[in-house]
There are 2 protein chains.
Amino acid sequence: MTISKLDELFLHTLKDVLYAERKILKAFPKMERQATDPKLKAAFLSHREETEEHVVRLEEVFELIGKPARGAKCDAMVGLVEETESMMAEIEDSETMDAALISLAQAVEHYEIARYGTLVAWAKQLGNQKAADLLKTTLDEEYAADKGFTKMAEGRLNAVAAA
Amino acid sequence: MTISKLDELFLHTLKDVLYAERKILKAFPKMERQATDPKLKAAFLSHREETEEHVVRLEEVFELIGKPARGAKCDAMVGLVEETESMMAEIEDSETMDAALISLAQAVEHYEIARYGTLVAWAKQLGNQKAADLLKTTLDEEYAADKGFTKMAEGRLNAVAAA
């Protein structure tokens, strides 16, 4: 595939993000199972449901630009999930695991914040306000999810892990 | 390696981020060479200099906790750099390349924002205020770098690429 215009770059990145979201849908239940704190478990569950909506919104954007909703391998998300899995395999106690899970979830959220931020800007540049609005809704949810994880990180979990 | 306490998790993540920063030091000059816009070229150059300082600060944190400054493979940054390289190989025109380079730099910045944010929180929890301050200085620079790239993205580059 060669890319020589912004609309092609937009499509390429859209495919990349669709692949990433689908990968997250598989990773979050594993992370939820490893979590001990009920609030953290609940956060993984609710963010998984949100992620399902993100996939639906991406499919709508594909429809808006008249392209099939096909993902394309996203090396960054593959790496993020590999890091998450190897980290989960190395941690032995539940409090430290919870602290690690929060930090890994935030790394995933920030990757998505960067990509959706880019997609919103490009959709606007391409004059596709409808696509920009859909992508912005997801971007706001990613920001909110990240803030939720930060709150948890600053709360009791780490204090317990340090004890 | 097994991890069973927050200080071990902190050390593990510190190694991961040291590896990531060193990888960025190699990647940014390649991105600078691919950039056309002089402002973007300058941004890669100045952020490369900043990244060298980030490495020095990380080495200081290793010293504070009495551990050798050794990196550990960070799968996420390996994936991010692979994504950047395959993207650069696919793009044919310089304006689209500039738009892509900005977006890839922002993905890298956001990964670092997530990791440094986590490290600051953990350093505080572990009662190491000096380490927290050093890491916070870098965190602030990563936020500023991301904002700088956003400004460029919203500026004329994408408009030109869409023309």
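The values are calculated or read from the model by the stated rules, or taken from the named source; none is laboratory data. Every value quoted in this text rests on a predicted model; they were computed, and no experiment measured them. Positions of Cβ are generated from backbone atoms using ideal geometry, with glycine treated the same way; all protein chains shown enter the neighbour counts. Please note that ligands, DNA and RNA were not included when accessible areas were found on the heavy atoms of the full protein model with its side chains. Shrake-Rupley method; radii C 1.70, N 1.55, O 1.52, S 1.80 Å.
Determine the dipole magnitude for the protein assembly as shown: charges of +1 sit on the beta-carbon of Lys and Arg, -1 on that of Asp and Glu, nothing else is charged, the reference point is the Cα centre, and the result goes in debye to the nearest 20.
Numbers: 42 positive and 60 negative charges, 6 e Å.
So the magnitude is around 20 debye.
Dividing the summed -39500 (n - 2.57) terms of all DSSP H runs of n ≥ 4 by the residue count of chain B sets its mean residue ellipticity at 222 nm at -28500 deg cm²/dmol. Approximating the spin labels as points 7 Å out from Cα along Cα→Cβ, the B:Thr2-to-B:Glu50 distance works out to 4.1 nm.
Hydrodynamic analysis of the protein assembly as shown uses the Kirkwood radius over alpha carbon pairs. Inserted into Stokes-Einstein at 10 °C and 1.306 mPa s, it gives a translational diffusion coefficient of 80 µm²/s. Averaged over peptide A:119-126, the number of partner chain Cβ atoms lying within 10 Å of each residue's Cβ comes to 4. Using the Kirkwood radius over C-alpha pairs as Rh, can you work out the diffusion coefficient of the stretch B:6-162 via Stokes-Einstein at 20 °C, viscosity 1.002 mPa s, in µm² per second? Translational D for this selection: 133 µm²/s. Sorting B:60-72, A:132-144 by their mean Cβ neighbour count within 10 Å, with the most densely packed peptide first, gives A:132-144, B:60-72. How would you classify the stretch A:85-150 from its alpha-carbon gyration tensor, with a ≥ b ≥ c the square roots of the eigenvalues: rounded for a/c under 1.5, else prolate if a/b is greater than b/c, otherwise oblate? Here the stretch A:85-150 falls in the prolate category. In terms of accessible area, using a 1.4 Å probe and ignoring ligands and nucleic acids, A:Glu50, B:Glu109 rank largest first as A:Glu50, B:Glu109. Counting Cβ atoms of other protein chains within 10 Å of each Cβ in B:101-110 and taking the mean gives 5. The angle between the Cα long axis of helix B:129-152 and the main principal axis of chain B comes to about 10°, on a 0 to 90 degree scale.
At a 1.4 Å probe radius, carbon and sulfur cover how many percent of the accessible area of the stretch A:6-163?
51 percent
Segment A:Ala69..A:Asp140, full-extension length gain: 23.3 nm, with 0.36 nm per residue of separation and the alpha-carbon distance subtracted.
Tilt of helix B:6-34 relative to the longest C-alpha principal axis of chain B, in degrees (0 to 90, nearest 10)? For helix B:6-34, the angle is close to 20 degrees.
The alpha carbons of the stretch A:51-118 occupy a box of 49, 20, 18 Å along the principal axes, longest dimension given first. Chain A contacts chain B over a buried accessible area of about 3700 Å², both sides summed; the probe is 1.4 Å and only protein chains count. Computed about the Cα centre, the dipole magnitude for the stretch A:6-162 is approximately 360 debye when only Lys and Arg (+1) and Asp and Glu (-1) carry charge, each at its Cβ. Label-to-label distances for A:Lys26 across copies, nearest first, come out at 2.8 nm, using points 7 Å from Cα in the beta-carbon direction. Against chain A, whose longest principal axis is taken from its Cα atoms, helix A:75-90 shows a tilt of about 10°. The same position A:Gln129 in the other copies lies at 5.2 nm from this copy, comparing label points 7 Å beyond Cα toward the beta-carbon, shortest first.
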